[in-house]
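Following: one structure in structure tokens, then a few remarks.
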Amino acid sequence: MRPPGRLPHRRRWLPRARTDVDVRTALGVVGALLAWFALAFVPPAAVALAAGEPPWPFLVTGSAVALTGLALKRLTGPRPPLGVREGFLVVVAVWLLAPAFGAVPFLLGGVPQLDRPADAWFEAMSGFTATGATVVGDLDALGPDMLFWRQFSHWLRRRHHRAGARGAAAAAHRRP
């Protein structure tokens, strides 16, 4: 007679597949990426200063991104190696957070064509994915600082994909 709860066909020597996601590790990596992403708001602030526009939309957003990233890193502590499941969570989180933070300068900058959060998020997502889609009807109406931020997000996307491809290739060789 078998003990209750044991299935007769289950063998003990088969390894169990890992089905959980280490959210803490993933959030630590997201925090580190956000801390680096905060530096992206410095060049547009410099362009705003040079053009005579207020730099505070970029400085406030960069500070918020840096504080969010550093808080996530601090709260998660030391991290074990990143697995495939955690990598998927990191990619999804970064692809949602980067446009969300990237839309804030449009909202704070008082851009009339991007004063709705959905429009600002769409424009930021368009920049980070380089789809070429835009909700801005008149690009000439944007100030030089906002035009620079819009173009800079396209440039960041190209750098992100190249760095991401190198990182994914390195991770694939480290872990099965």
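The values are calculated or read from the model by the stated rules, or taken from the named source; none is laboratory data. Keep in mind the model is a prediction, meaning the values are calculated, not measured. So basically every Cβ, Gly included, is an ideal-geometry build from the backbone, and we count neighbours across all protein chains shown. What goes into the accessible areas is simple: the full protein's heavy atoms, side chains included, and nothing from ligands, DNA or RNA. Shrake-Rupley method; radii C 1.70, N 1.55, O 1.52, S 1.80 Å.
Computed quantities for the displayed model
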{"read-out": "Residues of region 51-68 classified as of a type in the set (Gly, Ala, Ser) and either closer than 15 Å to residue 153 by Cβ or modelled with pLDDT under 95 (or both), total", "value": "3"}
{"read-out": "Answer residue from region 119-142, given it is under 17 Å from residue 96 (Cβ atoms) and open to solvent by 60 Å² or more (accessible area, probe 1.4 Å) and is farthest from the chain's Cα centre (by Cα) among those", "value": "131"}
{"read-out": "Among (1) open to solvent by 60 Å² or more (accessible area, probe 1.4 Å); (2) not in a loop (DSSP other than H, G, I, E, B), the one test that residue 150 misses", "value": "(1)"}
{"read-out": "Number of positions in region 11-50 that are at pLDDT 90 or above, of a type in the set (A, V, I, L, M) and farther than 16 Å from residue 92 by Cα", "value": "11"}
{"read-out": "Residue within region 63-83 that is of a type in the set (A, V, I, L, M, F, W, C) and either outside any helix (DSSP H, G or I) or in contact with a strand residue (DSSP E or B) (Cβ under 6 Å, 6 or more places away or on another chain) (or both) present", "value": "yes"}
{"read-out": "Unique match (being closer than 30 Å to residue 22 by Cα, at pLDDT 85 or above and assigned to a helix (DSSP H, G or I)) among 118, 172, 124", "value": "124"}
{"read-out": "Test for residue 78: is it under 23 Å from residue 29 (Cβ atoms) and more than 19 Å from the chain's Cα centre (by Cα)", "value": "yes"}
{"read-out": "Restricting region 95-116 to residues that are open to solvent by 30 Å² or more (accessible area, probe 1.4 Å) and in contact (Cβ under 8 Å) with a residue 60 or more places away in the chain, the residue that is nearest to residue 137 (Cα to Cα)", "value": "101"}
{"read-out": "Region 69-78, residues that are within 23 Å of residue 153 (Cα to Cα) and open to solvent by 60 Å² or more (accessible area, probe 1.4 Å)", "value": "70"}
